[in-house]
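Asks: Please read through the structure below; I'll follow up with questions.
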Amino acid sequence: MQLVNVHFDDRIPEWGTPEAVLTYNVLVLVMEGKVRYRINGEDLIAEQGDLLYIPASTLRRGGNDEGSTHRKYTVLFTFDHNAATGIPLLDRRRFIRFRLANLEYVKRRFERLHEEMRSSERFRSFICLGIAQELIGILSRELDKPEVLPGRMQFAQTLRRYLLEHYREPIEIDQLAGLIHRSPNYTTALFKEVFGYPPIQFMHQLRVREACNLLLESDMTIAGISQYLGYYDSSYFFRMFKKHTDLSPADFIARGRQSELSQPFG
């Protein structure tokens, strides 16, 4: 496997690609907005959270949806199509559109891959290839999971909606179990089966994601953000933040500012 390039399209006003047969394979993660594609003669709209695999030899055209803009990562890679890889995703050579359970983690891996591709650090090519292989492995594993029954999926979606609306509040697993009238063990196992991680971990991911936005986009102090997000013990907030980002809040702010300064001409 060889990486060709990694792109980050950040709200490009007139983004588009002409219809052509691909000579490389493409992984696409839509971060925001919608993208209009024509794949082998069929039209589709890719939305926020969609992960697409577009194999080589596909006839593809892409563009913004109805004049809007979007944000997405695109990974271009090649591999030997004459030899079986043992990975059904690659060997079947079919277009796939998918919504991942562990979306937040996958987003961070795309971000890291893009950063590494732009860097000049030693061994970056090995790191980039490793991340790209990990992403393909994650997608392959998700596609290999058995389909969740509709009733169980409805329970899981109920839990997810509640967490999205109340993630700043104190939440216990017993409380979540009461929402679907099931045991705490059943609730935890179900949520992990559908989304890839336990519900309390998902709550922390939501909090840390909001913390990242507030650290860079607001004037709130780190202690103030900790309180706002329901972490009344600042040291616990620091541990959760570093667990999910590999950085302390202060280091995250510093890296964010350095990234802004590195952007040429705004």
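The values are calculated or read from the model by the stated rules, or taken from the named source; none is laboratory data. Nothing here was measured: the structure is a model prediction, and the numbers come from that model. Cβ: placed from backbone, ideal geometry, glycine included. Neighbour counts: every protein chain shown. The protein model used for the area step is the full one, side chains on, heavy atoms only, and it has no ligands, DNA or RNA in it. Shrake-Rupley method; radii C 1.70, N 1.55, O 1.52, S 1.80 Å.
Asks: Got at least one residue in segment 43-51 being open to solvent by less than 30 Å² (accessible area, probe 1.4 Å) and touching a residue at least 60 places away in the same chain (Cβ under 8 Å)?
Replies: For segment 43-51, residues open to solvent by less than 30 Å² (accessible area, probe 1.4 Å) and touching a residue at least 60 places away in the same chain (Cβ under 8 Å): present.
Asks: Another question about this same structure. Identify, by number, the condition in (1) more than 13 Å from L29 (Cβ to Cβ); (2) not in a loop (DSSP other than H, G, I, E, B); (3) not hydroxyl-bearing (S, T, Y) that R122 doesn't meet.
Replies: Going through (1) more than 13 Å from L29 (Cβ to Cβ); (2) not in a loop (DSSP other than H, G, I, E, B); (3) not hydroxyl-bearing (S, T, Y) one by one, R122 breaks only (2).
Asks: Just for strands (runs of 3 or more DSSP E) wholly inside segment 1-57: which have at least 3 residues that are under 15 Å from E111 (Cα atoms) and over 14 Å from the mean Cα position of the chain (by Cα)?
Replies: 2-10
Asks: May I ask you to list the residues in segment 236-254 that are open to solvent by less than 80 Å² (accessible area, probe 1.4 Å) and over 20 Å from I171 (Cβ atoms)?
Replies: Selection gives T245, L247, S248, P249, A250, F252, I253, A254.
Asks: Continuing with the same structure: If we only count helices (runs of 4 or more DSSP H) wholly inside segment 168-227, which ones have 1 or more residues that are closer than 18 Å to F241 by Cβ and open to solvent by 60 Å² or more (accessible area, probe 1.4 Å)?
Replies: 199-217
Asks: Moving on. Determine which single condition L143 fails, assuming it passes every other condition in (1) within 27 Å of T85 (Cβ to Cβ); (2) open to solvent by 60 Å² or more (accessible area, probe 1.4 Å); (3) out of contact with any Leu (no Cβ under 7 Å at 6 or more places or on another chain).
Replies: The failed condition is (3).
Asks: Still on this structure, I have one more. So which residues in segment 1-33 are hydroxyl-bearing (S, T, Y) and closer than 21 Å to D43 by Cβ?
Replies: Across segment 1-33, the qualifying residue is only T17.
Asks: Report the residue count in segment 4-45 for those that are touching a strand residue (DSSP E or B) at 6+ places or on another chain (Cβ under 9 Å) and within 30 Å of N82 (Cβ to Cβ).
Replies: 23
Asks: Only one of T69, T85 is closer than 19 Å to D9 by Cα, assigned to a loop (DSSP other than H, G, I, E, B), among the polar types (S, T, N, Q) and without any contact (Cβ under 8 Å) to a residue 60 or more places away in the chain; which?
Replies: T69 is the lone residue from the list that is closer than 19 Å to D9 by Cα, assigned to a loop (DSSP other than H, G, I, E, B), among the polar types (S, T, N, Q) and without any contact (Cβ under 8 Å) to a residue 60 or more places away in the chain.
Asks: Within segment 55-110, count every residue that is over 18 Å from Q2 (Cβ atoms), polar (S, T, N, Q) and open to solvent by 30 Å² or more (accessible area, probe 1.4 Å).
Replies: 3
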